[in-house]
Amino acid sequence: MAVLKANAYGHGTVPAAVALAAADAFAVARLEEGIELRAAGLRHRVVLLEGVFGSDALRQAAHHGFELVVHEPGQVALLESWRGDHRFGVWLKVDSGMCRLGFRPAEVATAVARLQVCEAVLQPMALMTHLAEAEDRGSTRTGGQLERFATLTEGLPGERSIANSAGLAAWPAARADWVRPGLLLYGVSPFAATTGSELGLRPAMTLETRVIAVRNIATGDRVGYGGCWTASRPTRLAVAAAGYGDGYPRNTASGTTVLVNERPAPLAGRVSMDMITVDVTELPRVAVGDPVLLWGPGVPVEAVARAAGTVPYELLCGVSQRVHPDVR
Ligand SMILES: Cc1ncc(COP(=O)(O)O)c(C=O)c1O
C-alpha cells in the first residue's frame, strides 16, 4: 500500500500515484486527497488512514469507493447508521502501544463484534496497527507492539497490516499481509543514522535553485540576519534564491552542504525567507545563474534534516507552493 498523503510527501499526489501505479492500494490521510486521485482517473483501492467523520464524508467515501480505517467508536456508529447499498472495505485500527489512533486493547473486542455484524462493512475486515518507533532498530517497545497486536487479533479473520517504512526495512516480523511504506518509496531513509542511498535507494526529489548574486567580503564581515556567521578569511559568497519561504528550513546550521555547480559548498549564515548565503571561496568561477542543489542526489535530505534539527518527512512535505514542480 503506497502512502501518498500530504501531497505524496511533497512530490505531488497524482504524479507520485502514476509513478507508483504498480501498488496494490494507495493510502491517504484526507478524503480530498483520495478525491484528487479519482479525479485524475486512478481507480486503485484507496484507504483513508484516518477514516471519515460525518455522514456527508461517508457518502463521498462510498461514491468514490474508498476504504476506511476505523479507529474510534464514533466511526463504528457512523457505519451502523449507513442505509445505502454500498459496502465499505474497513481497516480496523488497534492501538498496540502508540497511543495515537486506534482502539485501546480493552475496546478491541467490542469494536470487532459491532463491525462484524454491521451491514455496511464488507467481511472480513482488515486489521491494522501502527508502530511508534520502528525507526529505532534497538527499540524495546516495538516487539511489545507486535506481540500485543498478535494477541488482540488472534483468531480473527482478515488481512493484517503493521509496517510503515521503518517497520518494513527493520522489522521483518512486522511485514504481515500489507506493508504501508511512505518515505522509502520516495527514496529516503526513515533511520536517523542511515541515508536512503545507503539503503540502496535513489531520492525522488531534487530541490534546486540558482545563484542570484556573488560578492567578496572581508575577514570579520558578519553575514545575514543576526550576523551569526563571521568570515574568518576573505570570502567569496554566493546568494541563492531559496529560503524558508520555499521550505528550506530556517534552522539549517551554517556549514550544511549545498551543491553549487555540482560541487559542495557550505551554508554561511542564517537562512532567510527567500535566500541563503553560501561560502564559495573554494569553488572556481561561480556566477549569477549557476545551479544550487539544496537536496537531492549528492545532498541527502536526511543530512539537511539533521542539520536543521528535524526529520526528512517535514522537509519533503514542507516544500512550498511557490516552488515550481518539474515532474519527470
Ligand atoms: C498509519 C500510517 N501508515 C503508514 C505510514 C507511512 O509511514 P512512513 O512514511 O514512515 O513509511 C504513515 C505515515 O505517517 C501512517 O500514518
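The values are calculated or read from the model by the stated rules, or taken from the named source; none is laboratory data. This structure is a prediction, so every number in the text was calculated from the model and none was measured. All Cβ positions, even for glycine, are placed from backbone atoms using ideal geometry, and neighbour counts span all protein chains on display. All accessible areas refer to the heavy atoms of the entire protein, side chains included, with ligands and DNA or RNA removed. Shrake-Rupley method; radii C 1.70, N 1.55, O 1.52, S 1.80 Å.
Quick look at the numbers
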item	result
Against the rule of thumb 2.2 N^0.38 Å, how large the Cα Rg of segment 160-239 comes out	1.84
Sequence-separation-based contact order of segment 207-317, relative, with Cα cut under 8 Å and 6+ spacing, percent	30
Choice from His11, His130, His64 showing the highest fluctuation, given a GNM over the chain with Cα pairs closer than 10 Å	His64
Binned Cα-Cα distances of the chain, short to long, each 10 Å bin given as a whole percent	6, 23, 27, 20, 13, 8, 3, 0
Accessible area per residue in Å² at 1.4 Å probe, computed on the chain	47
For Val94, residues with placed amide H under 5 Å, excluding near neighbours	Phe103, Met128, Thr129
Carbon plus sulfur fraction of accessible area for the chain, probe 1.4 Å, in percent	52
Highest-MSF residue in the chain out of Gly84, Gly167, Gly247 [GNM, Cα springs under 10 Å]	Gly84
In segment 254-312, trypsin sites (Lys or Arg not before Pro) in a DSSP loop with at most 13 other beta-carbon atoms within 10 Å	Arg285
Between segment 265-300 and segment 72-106, the alpha-carbon center distance in angstrom	49
Computed [θ] at 222 nm, deg cm²/dmol, the chain (DSSP H ≥ 4; -39,500 (n - 2.57); rounded to nearest 500)	-7000 deg cm²/dmol
Segment 1-100: trypsin sites (Lys or Arg not before Pro) in DSSP loop, at most 12 other beta carbons within 10 Å	Arg43, Arg83, Arg100
For the chain, size of Cβ-based charge dipole, Lys and Arg +1, Asp and Glu -1, in debye	560
DSSP-defined antiparallel bridges as percent of all bridges, the chain, nearest 5	55
Listed residues Ala40, Ala265, Ala16, most fluctuating in the chain (Gaussian network, C-alpha, under 10 Å)	Ala40
